[in-house]
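Engineer: The structure is given below, and queries will be raised subsequently.
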2 protein chains.
Amino acid sequence: MEQYQNPLFTIDNVLFTVAQAELKVLLVKRAIEPFIDQWSLPGGFVDPLLDASVEACARRKLQEKTGVAPSYLEQLKVFSGHQRDPRGFAVTLAFYALMGEQAAQSHIDTVHDAQWLPVHQLQDYPLAFDHQTIIAEAVARLKQKALYSLVPVYCLPAQFTVTELMTVIEAIIERPIQRKSLMRRIEASDMFIAVDEKVSTGKRPAQLYQLKPDADIYLFERNLAE
Amino acid sequence: MEQYQNPLFTIDNVLFTVAQAELKVLLVKRAIEPFIDQWSLPGGFVDPLLDASVEACARRKLQEKTGVAPSYLEQLKVFSGHQRDPRGFAVTLAFYALMGEQAAQSHIDTVHDAQWLPVHQLQDYPLAFDHQTIIAEAVARLKQKALYSLVPVYCLPAQFTVTELMTVIEAIIERPIQRKSLMRRIEASDMFIAVDEKVSTGKRPAQLYQLKPDADIYLFERNLAE
DNA sequence: GGAATAGTGTCTCTTAGACAATATGGA
DNA sequence: TCCATATTGTCTAAGAGACACTATTCC
């Protein structure tokens with residue numbers, strides 16, 4: 001009674017970034033069975049000797065693939081069932097994470113088993129396990145969160161312009177937003193400080209912002225509306 | 001490399017109801033070590049032979065304690081670490097659930113190892129494991145959700161009045177709300193249908209409502225504000 | 001000066017809060 | 001009729017959308 005056959009318990013990461021105004025997710029080619037050579041989410045087994053918690057495990061797995069820590073990491077949910085893994089009843093805790101594309105680029109370029117893929121082209125790839133479903137739920141959660149918080153900022157480098165943040169948000173929620181609304185939110189959130197100037201492509205230079213060191217994620221009381 | 005020592009994986013349920021205008025959580029007395037005879041959340045090990053998923057396991061555990069299925073059940077999050085269980089690294093998936101007090105009363109009255117305790121008196125009880133923390137996070141999540149949805153309705157029996165729903169919401173968010181605001185939301189959500197009349201305590205009878213059979217939980221674009 | 005990008009002013013619209021006014025049934 | 005509880009009317013307030021207007025840089 002005390003101990004059943006313990007189910008397989010794993011961690012999976014849905015690591016997002018935005019590049020070329022597109023939402024992308026990091027996928028890795030599986031090196032072992034099952035689903036060998038198919039694209040899958042970076043993850044694996046918890047190692048109680050290495051990991052202080054499931055979050056620590058998720059960070060470790062991401063570090064191995066990208067060389068850096070993600071800017072944002074949060075539990076998505078647990079997926080379980082008899083059908084999702086041919087080896088039997090399996091349980092995976094999925095995380096979703098955000099980071100700037102630049103930070104990981106050099107590391108990812110050196111390997112050929114990891115790649116950023118646009119989330120809207122994933123239906124063309126057969127993904128391992130139920131990873132297609134997991135990604136879909138992660139996208140939905142991120143989309144929702146982008147409506148009442150500024151989490152999308154974690155898809156950008158440490159310093160960024162309002163236009164860059166606007167592009168990221170629009171890529172995530174898949175519709176245009178008003179620059180004015182965004183600027184109101186940046187101000188109201190009190191999460192950022194303005195730094196020096198910057199000439200982006202030419203024209204008028206844009207103000208650079210960065211996260212305040214102690215900034216908490218501010219939750220707005222209203223969603224961005226249609 | 002394929003298989004580490006698999007961590008202990010368990011399920012815990014934070015089952016809420018509202019009675020006497022107070023938010024209460026179902027706790028059970030532990031029958032075995034560790035933490036024997038202390039109050040704890042109803043839960044236990046997944047049994048892959050009985051449970052089709054972690055949700056099914058959560059329902060089964062709740063059924064055993066209350067005799068009925070909860071009206072609402074959702075994953076809260078995973079808690080993990082080396083400190084939370086004296087037996088070593090442990091992982092638990094916590095759910096939170098809602099139900100009307102009546103539905104479980106007869107079943108709970110027949111046992112003496114399960115009891116509804118007001119969440120605001122829990123600091124007086126030493127709870128097992130990190131269950132104090134888990135409950136605190138569940139309360140925070142429920143509170144947040146009550147601001148932009150009508151989930152608190154699942155703390156009520158199938159038929160209920162606006163005043164009853166108002167009482168439940170106020171117990172959860174710990175401040176009064178405007179009846180007018182609630183009525184607007186009931187209408188806008190399109191989740192309920194009015195049934196026949198009812199004389200509550202005397203005075204003017206209140207309209208009874210019940211969930212539409214196919215009702216999805218409606219998410220409002222604004223929170224109830226201060 | 002013209003073009004392009006950055007940022008502001010301000011009006012409208014929606015929905016929550018406040019609270020007065022009305023409705024209904026019992027004593 | 002009076003009282004208590006239920007329900008509606010309606011005004012105000014806050015913040016998002018729309019969009020015109022101003023600002024800054026490069027050519």
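The values are calculated or read from the model by the stated rules, or taken from the named source; none is laboratory data. Values in this document were obtained by computation on a predicted structure and should not be read as measured data. Cβ coordinates were reconstructed from backbone atoms using ideal geometry, including for glycine residues, and neighbour counts include every protein chain displayed. We work out accessible area using only protein heavy atoms, side chains counted, and drop any ligands, DNA or RNA first. Shrake-Rupley method; radii C 1.70, N 1.55, O 1.52, S 1.80 Å.
Engineer: Would you mind calculating the relative contact order of segment B:150-211 from Cα pairs under 8 angstrom and at least 6 residues apart, reporting the percent as a whole number?
Structural biologist: 36
Engineer: Now for a separate question. For each pair in B:LYS24/B:LYS65; A:LYS180/B:LYS145; A:LYS61/A:LYS143; B:LYS77/B:LYS145; A:LYS145/B:LYS180, compute the distance between the two Cα atoms and list the pairs where it is over 19 Å.
Structural biologist: Listed pairs above 19 Å: A:LYS180/B:LYS145; A:LYS61/A:LYS143; A:LYS145/B:LYS180.
Engineer: Which of rounded, prolate, oblate describes segment B:8-147, given a ≥ b ≥ c as roots of the alpha-carbon gyration tensor eigenvalues and a/c under 1.5 marking rounded, otherwise prolate only if a/b is larger than b/c?
Structural biologist: rounded
Engineer: Working with all protein chains in place, sort A:LEU27, A:LEU147 by solvent-accessible area computed with a 1.4 Å probe, largest first.
Structural biologist: Sorted by accessible area, descending: A:LEU147, A:LEU27.
Engineer: With a 1.4 Å probe and all protein chains kept in place, how do A:HIS131, A:HIS112 rank by accessible area, largest first?
Structural biologist: Sorted descending by solvent-accessible area, the residues read A:HIS112, A:HIS131.
Engineer: What is the magnitude of the charge dipole of the protein assembly as shown about its Cα centre, with +1 placed on the Cβ of each Lys and Arg, -1 on the Cβ of each Asp and Glu, and no other charges, expressed in debye to the nearest 20?
Structural biologist: 1160
Engineer: Testing the spin-label approximation: label points 7 Å from Cα along Cα→Cβ at B:GLN207 and A:GLN123. State their distance in nm.
Structural biologist: The answer from the label model is 4.1 nm.
Engineer: Sort A:SER40, A:SER53 by heavy-atom solvent-accessible area, probe 1.4 angstrom, most to least.
Structural biologist: A:SER53, A:SER40
Engineer: Cα centroids of segment A:80-149 and segment A:5-79: how far apart, whole angstrom?
Structural biologist: Going from one Cα centre to the other spans 8 Å.
Engineer: Here is a follow-up. Out of all DSSP beta bridges in the protein assembly as shown, what portion is antiparallel? Express it as a percent rounded to 5.
Structural biologist: 75
Engineer: Does segment B:50-94 classify as rounded, prolate or oblate by the C-alpha gyration tensor (a ≥ b ≥ c root eigenvalues; a/c under 1.5 gives rounded; else a/b over b/c gives prolate, otherwise oblate)?
Structural biologist: Since a/c reaches 1.5 and a/b is larger than b/c, the shape of segment B:50-94 is classed as prolate.
Engineer: On to the next question. How would you classify the protein assembly as shown from its alpha-carbon gyration tensor, with a ≥ b ≥ c the square roots of the eigenvalues: rounded for a/c under 1.5, else prolate if a/b is greater than b/c, otherwise oblate?
Structural biologist: It comes out oblate by the Cα gyration axes.
Engineer: Determine the dipole magnitude for chain A: charges of +1 sit on the beta-carbon of Lys and Arg, -1 on that of Asp and Glu, nothing else is charged, the reference point is the Cα centre, and the result goes in debye to the nearest 20.
Structural biologist: Once rounded to the nearest 20, the dipole reads 600 debye.
Engineer: Something else now. Can you give the relative contact order of chain B as a percent, counting alpha carbon pairs under 8 Å and 6+ residues apart?
Structural biologist: So the answer I get is 21 percent.
Engineer: If you count only protein heavy atoms and use a 1.4 Å probe, how large is the accessible surface of A:THR161, to the nearest 10 Å²?
Structural biologist: 10
Engineer: Could I ask something else about it? Leaving out ligands, DNA and RNA, what percent of the accessible area of chain A is carbon and sulfur, probe 1.4 Å?
Structural biologist: Of the solvent-accessible surface of chain A, carbon and sulfur hold 51 percent.
Engineer: Rounded to the nearest 10 Å², what accessible area does B:ARG141 show when all protein chains are kept and the probe is 1.4 Å?
Structural biologist: So the heavy atoms of B:ARG141 present about 80 Å² to solvent.
Engineer: Here is a further query. With θ set to phi - 60°, apply the Karplus curve 6.51 cos²θ - 1.76 cosθ + 1.60 along segment B:206-214 and write out the HN-Hα couplings as whole Hz, x wherever there is a Gly or Pro.
Structural biologist: With coefficients 6.51, -1.76 and 1.60, one gets 9, 5, 8, 10, 8, 4, 5, x, 9 Hz.
Engineer: For the interface of A with B, what's the total buried accessible surface in square angstrom, probe 1.4 angstrom, rounded to the nearest hundred?
Structural biologist: The contact between B and A buries close to 3100 Å².
Engineer: Is it possible to state the helix-based mean residue ellipticity at 222 nm for chain B, with each DSSP H run of 4+ residues giving -39500 (n - 2.57), the sum divided by total residues, to the nearest 500 deg cm²/dmol? What is it?
Structural biologist: -9000 deg cm²/dmol
Engineer: A further question follows. Which percent, to the nearest 5, of DSSP beta bridges fully inside chain A are antiparallel?
Structural biologist: Percentage antiparallel, nearest 5: 75.
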